[in-house]
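S.K.: Please find one structure pasted underneath; my questions will follow.
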Amino acid sequence: MLKSPAKRFIAAIVLLAGVVVTPLAQAHAHLESALPANQSVVETSPQQLGLSFSEGVEPSFSGVTLKDAAGKVITTGKATVDGVDNKKLFIPLSSPLASGKYRVEWHVVSVDGHKTQGHYEFNVK
């Protein structure tokens, strides 16, 4: 056991640091689901992309880059969040997508200011 006051103090500090740091490490918006889903094949072009995150996101600092199989950037509309659930980000497509493979490269800033990014792919039949 910890007998000296100094050892007890150090142990208390380490425990307190663990309690404070653990929630901060989890305070990032992680992609939980997407429409079209990762690696999915859709019959027709979607009208918009829908991304759902683990926490609320700031639409002004969040968005996507949509690319076709050749790496060409596809024009999209401005990202918006759902009026009821700020964990849901929607990106309207400016025009229908042709058949092929697409890559969605997303970046978001969560409501607590943390930035995350990632990507996923889907196919249009």
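Throughout, read-outs are computed from the coordinates displayed, never taken from laboratory work. The structure displayed is predicted, hence computed values, not measured ones. Glycine also receives a Cβ, built like all others from the backbone with ideal geometry; neighbour counts cover every protein chain displayed.
S.K.: Please state, as a whole number in µm²/s, the translational diffusion coefficient that the Stokes-Einstein equation yields for region 29-124 at 20 °C and 1.002 mPa s, with Rh defined as the Kirkwood radius across alpha carbon pairs.
M.R.: It diffuses with D of about 162 µm²/s by this estimate.
S.K.: Continuing with the same structure: Length gain on complete extension for the stretch V73 to S52, per 0.36 nm per residue less the alpha carbon to alpha carbon distance?
M.R.: The span from V73 to S52 would gain 5.3 nm if fully extended.
S.K.: Over 21 Å between Cα atoms: which of K72/K101; K78/K115; K87/K125; K72/K125; K67/K87 fall into that group?
M.R.: Among K72/K101; K78/K115; K87/K125; K72/K125; K67/K87, the Cα-Cα distance tops 21 Å for K87/K125; K67/K87.
S.K.: Still on this structure: Just grab the label-to-label distance for V111 and S33, each label 7 Å out from Cα along the Cβ direction, in nm (one decimal).
M.R.: Once both label points are built, they end up 2.0 nm from each other.
S.K.: Please label the shape of region 78-125 as rounded, prolate or oblate, based on the square roots a ≥ b ≥ c of the eigenvalues of the alpha-carbon gyration tensor (a/c under 1.5 means rounded; beyond that, a/b larger than b/c means prolate, else oblate).
M.R.: oblate
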